[in-house]
Amino acid sequence: MTRILFWLALVFLVIAAIRSKLRKMSGPQQGGPAPAPQQPRAADPQQAEKMLQCAQCGVHFPASENVPANGRDYCCAAHAPH
Ligand SMILES: [Zn+2]
């Protein structure tokens, strides 16, 4: 009886080992050419946003913060001519 249990345990271990090997082998193959996940970058909106250069201090800033004055762009109201 003890031998039967031993063999049962051995067979179970072998099956478990084969299954784990099959998973390792089939895993990379199934997801081999992994579809490139869409990378939602948080910085994309800022990078995509048009950048302007302040005519006063020369700093680059997003167009949403633009303070236009006299046809030129300024980073803040303090740099825009009054
Ligand atoms: Zn400025």
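Each residue in segment 52-68 was checked for being within 8 Å of the ligand (Cβ to nearest atom) and of a type in the set (A, V, I, L, M), and 2 of them qualify. Taking residues in segment 1-22 that are of a type outside the set (A, V, I, L, M, F, W, C), and partners anywhere that are part of a helix (DSSP H, G or I), not one pair has Cβ atoms closer than 7 Å while being at least 6 places apart or on different chains.
The numbers here are math on the coordinates, done by the rules we state, and not lab data. Computed from a predicted model, the values in this text were never measured in an experiment. Cβ: placed from backbone, ideal geometry, glycine included. Neighbour counts: every protein chain shown.
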